[in-house]
Amino acid sequence: LAHLFSCCSSLLNFYVMQLLWVSRVRINRWFILRVALIHRWVFVSKKGYQETDEAIQSSVITKLKGVSVTNTSESGLLVWGPEDYVIPPQVKTFTQYYIYIYIYIYIYIIQAETQMCLFTCDEVDDLKHGRCLRKDESSNGTCEIYGWCPIERKFKPHRGPLLTNAENFTIYIKNFIQFPKFKFSKSNVLETTDDSYLKKCRYDEELHPYCPIFRLGDITQRARYNFQDMSTFGGSIGIMISWNCDLDKGYSHCHPQYYFTRLDISVSNTTIATGFNFRHTRYFKNATGESYRSLFKVYGVRFNIMVHGKAGMFSIIPTAINVASGLALMGAVTFFCDMVLLYLMKKGNSYRERKFEDLIDKNPKSIFDGFCLLFSADAQMLHL
């Protein structure tokens, strides 16, 4: 019976919030600081009042300029222009945001035709090596195969770059971007009527931020590498164009930012992972109709141009959502301050006695009256 009465009594209890006014400067300052940091993080750092668009649409157009003259025993006197040392001549876009450019640094050329080829071997007859010709079983012989002759020999560049002044070549990177959600578009080229501007300017972060013409030597230097150090075995350079635009500030506050890095990073130039090279061929026929080809083994620099961006503009929906989130976080801060005050302070016991106080009417006229008395109790303000 006593147990049943206790259960019924607990059902008739009503809990009201009791407010404590605590004159603790340290706690109050800590609470204000936490609230200020939360709102600064949400609305200032993360710009929670803005709607964002990260689906940037981008187009990149490149053009290289520079002329070099070479005179070697293999190829004689040659003049090299962008049409000769850039692969491909018109840069092909592989994905929406990445393009690749190859520039010759050193070239190994083999003029070859299709016929029976001979080279030294010590293997038996098989499909890979062809027919092995030798005087006796104890001697090395010659493998006879059908292919482009002469065959390619093992080769590594042992001297400086073929195009010695390649670091003074310039690359023109024209980038158009658009954020479709906000119908905002812009280019990294200065809007001017001066036709000679692009002929005389070079990119400078302070003086000419909208001049998209870069010297190759400056690009590698900004990537913290020396162009001459890369010239022997080639390399790969990443150029990132970043557009982070606060459209609430207007069109003139949306600027491109350039970042440069070397992608084929290695500890030293002695590892097999260092550098960059590839092969390509050019085919032709002589006066008699016989087919020939030139095999190019190219050690060069590969440029990877990447475009990323994000734009933001004020919108009432994310503002309302983040205001509500901030208020919820304020409740979490209040709960944490309560825990500190009630359980970690020296006077925690005194605070708990005042905060959790039982109010019991010993002579209620009825159970309903006692319930209504508790229900109508106001929050009690206690000054400690």
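The values are calculated or read from the model by the stated rules, or taken from the named source; none is laboratory data. Just so it is clear, the structure is predicted and the values come from calculations on it, not from any experiment. Cβ sites come from the backbone with ideal geometry, for glycine too, and all protein chains shown count toward neighbours.
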#### Entry: region 160-187, residues that are surrounded by fewer than 14 Cβ atoms within 10 Å (Cβ to Cβ), of a type in the set (D, E, K, R) and in contact (Cβ under 8 Å) with a residue 40 or more places away in the chain
181
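Evaluate region 28-39: report whether one residue or more is under 30 Å from residue 184 (Cβ atoms), modelled with pLDDT of 70 or more and assigned by TED's automatic domain parsing to the domain that holds residue 338. Please lay out each step first, then the result.
In the first step, residues of region 28-39 are kept if they are under 30 Å from residue 184 (Cβ atoms); the result is 39.
Now narrow it down to the ones that are modelled with pLDDT of 70 or more: 39.
Still in the running and assigned by TED's automatic domain parsing to the domain that holds residue 338: 39.
Looking for residues that are under 30 Å from residue 184 (Cβ atoms), modelled with pLDDT of 70 or more and assigned by TED's automatic domain parsing to the domain that holds residue 338, one finds at least one in region 28-39, hence yes.
Tell me, which residue of region 234-259 that is in contact with a strand residue (DSSP E or B) (Cβ under 9 Å, 6 or more places away or on another chain) and among the hydroxyl-bearing types (Ser, Thr, Tyr) is surrounded by the fewest Cβ atoms within 10 Å (Cβ to Cβ)? Explain how you work it out, then say what you get.
Quick first cut of region 234-259, residues in contact with a strand residue (DSSP E or B) (Cβ under 9 Å, 6 or more places away or on another chain) only: 234-248, 251, 253-259.
Then drop every residue that is not among the hydroxyl-bearing types (Ser, Thr, Tyr), which leaves 236, 242, 251, 258-259.
On the way: 236: 19, 242: 15, 251: 10, 258: 18, 259: 13.
Only one residue tops the list, namely 251.
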### Query
Does region 261-283 include one or more residues that are surrounded by 14 or more Cβ atoms within 10 Å (Cβ to Cβ), modelled with pLDDT of 85 or more and within 30 Å of residue 165 (Cα to Cα)?
yes
### Query
Of everything in region 294-315 that's buried (at least 16 other Cβ atoms within 10 Å of the Cβ) and of a type in the set (D, E, K, R), which residue is modelled with the highest pLDDT?
302
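With the condition kept exactly as written, say whether any residue in region 237-249 is in a loop (DSSP other than H, G, I, E, B) and within 23 Å of the chain's Cα centre (by Cα). Step through it out loud before you land on a result.
From region 237-249, those in a loop (DSSP other than H, G, I, E, B) are none; that's our starting set.
Within region 237-249 (the criterion being in a loop (DSSP other than H, G, I, E, B) and within 23 Å of the chain's Cα centre (by Cα)), the answer is no, since none of the residues qualifies.
Does residue 235 meet the test of being touching a Gly at 6+ places or on another chain (Cβ under 8 Å), of a type outside the set (Val, Ile, Thr) and either outside the structural domain of residue 297 (by TED's automatic domain parsing) or closer than 30 Å to residue 76 by Cβ (or both)?
It is true that residue 235 is touching a Gly at 6+ places or on another chain (Cβ under 8 Å), of a type outside the set (Val, Ile, Thr) and either outside the structural domain of residue 297 (by TED's automatic domain parsing) or closer than 30 Å to residue 76 by Cβ (or both).
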#### Entry: Residues within region 188-233 that are assigned to a loop (DSSP other than H, G, I, E, B), within 23 Å of the chain's Cα centre (by Cα) and surrounded by 14 or more Cβ atoms within 10 Å (Cβ to Cβ), tallied
9
